[in-house]
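Just below is one structure, and these are the notes that go with it.
Read the figures in this text as sums done on the coordinates, not as results from a lab. What you are looking at is a predicted structure, and each value in this text was computed from that prediction instead of being measured. Every residue, glycine as well, gets a Cβ built from its backbone with ideal geometry; the counts of neighbours run over all protein chains shown.
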Amino acid sequence: MTSARTRERLIGRLREEGISDERVLEVMNRIPRHIFVDEALASRAYEDTALPIGFGQTISQPYIVARMTAALLRDGPLNKVLEIGTGSAYQAAILSQLATKVYSVERISALLDRARRVLRELKVHNVDLRYSDGTVGLPEEAPFDGIIATAAPHQIPQALLSQLADGGRLVIPVGPRGAQRLSLITRRDDQFEEEILEPVSFVPMLTGAN
Ligand code: SAH
């Protein structure tokens, strides 16, 4: 149920859904997803679906992880990346293989503890996990070549825009539940170009640490 064949089938499905970035597909084929979910859900880890990870949160659907990662990487490899919403750390693990350094912030400390254990088990050492409120970004480590948010604010926090390096990209779901869009923003000096990628459904980005 969690074999290489099952994983390959998921990769085939992602291709059919239009994911064509080979770097992203290769990493998603290599990193097991079942170790990021509860054992009781492991047999469903290679379905293209979001799954609960406790505390009312979810591990994102593989298609969405692939789509967001490919959008972030569109202009080439990344040096420093920030993720808002560590959750299970699956997205962070995927990013760790495609960026030099990943910072990921989470507001539920119990999720962060679990994330630390899983990343250690996978021998991923270039992800720096922080317990903090992502709506203010991570000013002490800015600027970032890429920022990815896996929880949806009603409006894009100004702090995230200001912490993008020149030419940097922000991939973020925006809007209230039921009416969210995935937005890709590219910084050019002090201009921000926005592309709307597609409708999405994410948990809300909340304010304050838990
Ligand atoms: N990237 C995760 C998805 C987790 S769901 C994964 O691959 O599993 C989104 C996560 O965002 C939740 O864990 C939630 O607690 C977190 N979150 C919501 N608002 C936040 C905020 N303001 N700062 C940091 N994390 C936040």
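The table that follows gives values for the structure above.
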quantity: Under 17 Å from the Thr49 label point (7 Å along Cα→beta-carbon), backbone N, the stretch 187-203; calculated: 201-202
quantity: Highest-first arrangement of 146-153, 56-63, where packing means the average Cβ count within 10 Å; calculated: 146-153, 56-63
quantity: Tail fraction, Cα-Cα pairs, the stretch 1-93, threshold 20 Å, whole percent; calculated: 33
quantity: Around Val200: net Lys/Arg minus Asp/Glu count, Cβ-Cβ under 10 Å; calculated: +1
quantity: Signed unit charges on C-beta, dipole axis of the chain, positive-most listed residue Phe36, Pro199, Ser60; calculated: Phe36
quantity: Stokes-Einstein diffusion coefficient of the stretch 138-210, Kirkwood radius over Cα pairs, 4 °C, 1.567 mPa s, in µm²/s; calculated: 103
quantity: Kirkwood Rh in Å, taken over the stretch 77-158 so that all alpha-carbon pairs contribute; calculated: 12.6
quantity: Built amide H within the under 5 Å cut-off of Ile53, gap 5+; calculated: Thr58, Ile59
quantity: Principal semi-axes in Å for the chain [√(5λ), Cα gyration tensor, largest first]; calculated: 25, 19, 17
quantity: Computed over the chain: relative contact order in percent, which uses C-alpha pairs under 8 Å that are six or more apart; calculated: 15
quantity: Vicinal HN-Hα couplings computed from phi for the stretch 107-119 (Karplus, 6.51 cos²θ - 1.76 cosθ + 1.60; Hz; Gly/Pro x); calculated: 9, 10, 5, 5, 5, 5, 4, 5, 4, 4, 5, 5, 5
quantity: Separation in nanometres of the label points that stand 7 Å from Cα toward Cβ, at Gln155 and Leu122; calculated: 3.5
quantity: Cut-off 14 Å, label 7 Å out along Cα→Cβ of Ala179, residues of the stretch 148-168 by amide N; calculated: 154-155
